[in-house]
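The values are calculated or read from the model by the stated rules, or taken from the named source; none is laboratory data. The model shown is predicted, which means the values in this text are computed figures rather than measured ones. Heads up, the Cβs are rebuilt from the backbone with ideal geometry, glycines too, and the neighbour counts pull from every protein chain shown. Keep in mind that these areas ignore ligands, DNA and RNA; they rest on the heavy atoms of the full protein, side chains included. Shrake-Rupley method; radii C 1.70, N 1.55, O 1.52, S 1.80 Å.
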Amino acid sequence: MSYCDGKSATQGGAGDFQISQSQDYIIVRYSDILLMAAELGSPNAQTYFDKVRTRAGLKSKTVNKENILTERRAEFAFEGMRYWDLLRQGIDVAASTIAEEGVPVFSGGAADKVIIKADNIKKTRGLCQIPETQITLAKGVLKQNPGW
């Protein structure tokens, strides 16, 4: 078996980390499906919301946008979904929630501070930067996202 970079499966993903990964599956959790359906206003929204809470050992709550987002925040903590949940609420909500200034962190072992400006999130519309290597490989087909 080989991958698009010509390396075999026995190399265990060695090589370029962007193209030599052997895991091609996207996993969607059932709780994500239930909460998405509730957020979209399904007639079964309360039932779906309660299924997620019951599985977690929690009592029923009234289903509404705020409670669904709070549930998603707890249910998918550390799974990288909150950013996209916030963007769905609108760029202004996302920018004001995500913006941070002066939070102490370590970067490469050195003390540093996080600065995420709301204006930068608005300028890029929350979109990620396309790596220049991908733009180059696309030979002009890909264009950089606005604001980057």
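When you scan segment 52-81, how many residues do you find that are of a type outside the set (K, R) and under 17 Å from I27 (Cβ atoms)?
Let us first name the residues in segment 52-81 that are of a type outside the set (K, R), namely 52, 54, 56-58, 60, 62-64, 66-71, 74-81.
From what's left, under 17 Å from I27 (Cβ atoms): 52, 75-81.
Residues that pass the stated criteria total 8.
Look at I130 and say whether it is within 20 Å of Y83 (Cα to Cα) and open to solvent by 50 Å² or more (accessible area, probe 1.4 Å).
Details: within 20 Å of Y83 (Cα to Cα): yes; open to solvent by 50 Å² or more (accessible area, probe 1.4 Å): no.
Considered against the rule, which asks whether it is within 20 Å of Y83 (Cα to Cα) and open to solvent by 50 Å² or more (accessible area, probe 1.4 Å), I130 comes out as no.
State the number of residues belonging to segment 109-127 that are without any contact (Cβ under 8 Å) to a residue 24 or more places away in the chain and either in a strand (DSSP E or B) or open to solvent by less than 90 Å² (accessible area, probe 1.4 Å) (or both). Outline the logic, then answer.
Pass one, segment 109-127, residues without any contact (Cβ under 8 Å) to a residue 24 or more places away in the chain: 109-118, 127.
Right, trim to either in a strand (DSSP E or B) or open to solvent by less than 90 Å² (accessible area, probe 1.4 Å) (or both) and you get 109-116, 118, 127.
So the answer is 10.
Which of the residues belonging to segment 87-103 are in a strand (DSSP E or B) and in contact with a Lys or Arg (Cβ under 6 Å, 6 or more places away or on another chain)?
Step one: of segment 87-103, the residues in a strand (DSSP E or B) are 100-103.
Answer for segment 87-103, where residues must be in a strand (DSSP E or B) and in contact with a Lys or Arg (Cβ under 6 Å, 6 or more places away or on another chain): just G102.
Please enumerate the residues belonging to segment 94-108 that are of a type in the set (A, V, I, L, M), surrounded by 13 or more Cβ atoms within 10 Å (Cβ to Cβ) and over 27 Å from I26 (Cα atoms).
First, the residues of segment 94-108 that are of a type in the set (A, V, I, L, M): 94-95, 98-99, 103, 105.
Then drop every residue that is not surrounded by 13 or more Cβ atoms within 10 Å (Cβ to Cβ), which leaves 94-95, 98-99.
If the condition is that a residue be of a type in the set (A, V, I, L, M), surrounded by 13 or more Cβ atoms within 10 Å (Cβ to Cβ) and over 27 Å from I26 (Cα atoms), then A95, A99 are the ones that fit.
Look at segment 49-63 and say how many of its residues are part of a helix (DSSP H, G or I) and open to solvent by less than 60 Å² (accessible area, probe 1.4 Å). Steps first, answer last, please.
Taking segment 49-63 first, the residues part of a helix (DSSP H, G or I) are 49-55.
From what's left, open to solvent by less than 60 Å² (accessible area, probe 1.4 Å): 49-50, 52-53.
Residues meeting the conditions: 4.
Tally time: how many residues in segment 64-80 are open to solvent by less than 40 Å² (accessible area, probe 1.4 Å) and not in a helix (DSSP H, G or I)?
Of the residues in segment 64-80, the ones open to solvent by less than 40 Å² (accessible area, probe 1.4 Å) are 67-68, 71-72, 75-76.
Still in the list and also not in a helix (DSSP H, G or I): 76.
Final tally of qualifying residues: 1.
Please enumerate the residues belonging to segment 74-103 that are in contact with a strand residue (DSSP E or B) (Cβ under 6 Å, 6 or more places away or on another chain) and farther than 19 Å from W148 by Cα.
Result: E100, E101, G102, V103.
Give I26, I33 a once-over and let me know the one that is open to solvent by 60 Å² or more (accessible area, probe 1.4 Å), within 22 Å of A77 (Cα to Cα) and at pLDDT 95 or above. Give the steps one after another, and end with the answer.
On the way: I26 fails: at pLDDT 95 or above.
When all the criteria are applied, what remains is I33.
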